[in-house]
Amino acid sequence: DAGITQSPRHKVTETGTPVTLRCHQTENHRYMYWYRQDPGHGLRLIHYSYGVKDTDKGEVSDGYSVSRSKTEDFLLTLESATSSQTSVYFCAISELGGPYEQYFGPGTRLTVT
Amino acid sequence: EDKVVQSPLSLVVHEGDTVTLNCSYEVTNFRSLLWYKQEKKAPTFLFMLTSSGIEKKSGRLSSILDKKELFSILNITATQTGDSAVYLCAVEGGNEKLTFGTGTRLTIIP
């Protein structure tokens with residue numbers, strides 16, 4: 001998990017509450033990504049960032065927002081958590097634009113009750 | 001919309017067997033195909049392929065890409081129990097985003 005940490009690693013929250021997940025990297029990589037992983041769906045891109053304050057949407061961005069105020073940190077916020085957002089969330093980083101390989105963080109297991 | 005389909009969904013073999021995992025794709029402006037291994041944690045990078053016909057090898061694992069027929073295979077020879085994992089295939093299209101398949105769950109019986 002070379003230089004990528006995620007916090008918290010596990011969280012249980014109630015429907016309607018805001019939740020923020022943090023991804024921190026020490027690799028100084030330009031690109032950062034948030035994915036969710038659910039059974040039967042594989043990894044799906046939520047949002048990504050191609051630089052400080054530069055972000056874009058992925059395929060499942062509804063209900064999520066992101067911010068990147070410095071190179072090393074990428075935050076994912078669920079404004080009002082719903083049960084459908086129960087999932088495992090992975091952060092990934094990449095040094096360059098494509099073609100490239102992405103390296104993943106350890107994941108955050110989020111349960112919304 | 002980019003699409004990646006992996007087969008089989010799951011596979012159970014005995015230690016020492018050779019396995020072939022398949023990945024077919026549809027993508028706009030193909031740039032690369034990547035293989036990852038996922039045990040009970042984060043996916044770990046195995047290979048990236050960008051050109052047809054060039055086999056990538058790493059020990060007992062190898063992979064090849066066919067850009068004409070739009071598929072890739074991942075071969076594992078002399079399987080070991082440590083190879084048990086979910087193997088993920090992903091493709092990068094012109095939008096610089098990865099689209100993942102749902103994976104093949106490989107189980108190696110001692």
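The values are calculated or read from the model by the stated rules, or taken from the named source; none is laboratory data. A quick note: this is a predicted structure, and the numbers were derived from the prediction, not measured. No Cβ is skipped: glycine too gets one built from the backbone with ideal geometry, and neighbour counts run over all protein chains shown. When the accessible area is computed, the model is the full protein with side chains, heavy atoms only, and any ligands, DNA or RNA have been set aside. Shrake-Rupley method; radii C 1.70, N 1.55, O 1.52, S 1.80 Å.
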| remark: Under the Karplus relation with 6.51, -1.76 and 1.60 and θ = phi - 60°, whole-Hz ³J(HN,Hα) for the stretch B:95-110, x at Gly and Pro, equal 8, 6, 10, 8, 10, 9, x, 7, x, 10, 8, 9, 10, 10, 8, x
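Could you report the buried accessible area between B and A, both sides summed, computed with a 1.4 Å probe and given in Å² to the nearest 100?
Values: alone 6200 and 6010 Å², together 10570 Å².
Counting protein atoms only, the buried area is about 1600 Å².
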| request: List, in order, the whole-Hz ³J(HN,Hα) value for each residue of the stretch A:68-76 obtained from phi through the Karplus relation with A = 6.51, B = -1.76, C = 1.60 and θ = phi - 60°; use x for Gly and Pro. | output: 9, 9, 8, 3, 7, 10, 9, 9, 10
| task | Compute the relative contact order of chain A as a whole-number percentage, counting only Cα pairs closer than 8 Å that sit 6 or more residues apart in sequence. | result | 36 percent
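Which whole-number percent is the relative contact order of chain B (Cα, under 8 Å, 6+ apart)?
Numbers: 283 pairs, mean separation 41.5, N = 110.
So the answer I get is 38 percent.
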| field | Sequence of B:Leu88, B:Leu61, A:Leu75 when ordered by accessible area, the most exposed leading, probe 1.4 angstrom | value | A:Leu75, B:Leu61, B:Leu88
| task | With θ set to phi - 60°, apply the Karplus curve 6.51 cos²θ - 1.76 cosθ + 1.60 along the stretch B:16-27 and write out the HN-Hα couplings as whole Hz, x wherever there is a Gly or Pro. | result | x, 6, 9, 10, 10, 10, 10, 9, 10, 8, 10, 8
| request: Enter the accessible area per residue of chain A (Å², integer; probe 1.4 Å; all protein chains in place). | output: 46 Å²
| query | For B:Leu11, what accessible area in Å² do you get when you roll a 1.4 Å probe over the heavy atoms of the protein chains, rounding to the nearest 10? | reply | 40 Å²
| message | Can you give me the solvent accessible area of A:Arg9 with a 1.4 Å probe, rounded to the nearest 10 Å²? | response | 110 Å²
| said: Past 32 Å, Cα to Cα: identify those pairs from A:Lys11/B:Lys56; B:Lys40/B:Lys97; A:Lys57/B:Lys37; A:Lys70/B:Lys40, in the order given. | reply: A:Lys11/B:Lys56
| Excluding ligands and nucleic acids, what accessible area in Å² is computed for A:Tyr103 using a 1.4 Å probe, to the nearest 10? | 90 Å²
| field | Most mobile listed residue (B:Leu70, B:Leu34, B:Leu49) in chain B, GNM with C-alpha springs under 10 Å | value | B:Leu70
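Counting only protein heavy atoms and using a 1.4 Å probe, what share of the accessible area of chain B belongs to carbon plus sulfur, as a whole percent? Before the final figure, lay out each step's value.
Numbers: 2590 of 5360 Å².
In chain B, the share of accessible area belonging to carbon and sulfur is 48 percent.
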| Amide H neighbours of B:Gly103 under 5 Å, counting only residues 5+ apart in sequence or on other chains, H built in-plane at 1.01 Å? | B:Gln6, B:Cys89
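Within 10 Å of each Cβ of B:44-50, how many other protein chain Cβ atoms are there on average? List each step's numbers first, then the result.
Numbers: counts 4, 5, 1, 1, 5, 1, 2.
Going residue by residue through B:44-50 and averaging, the value is 3.
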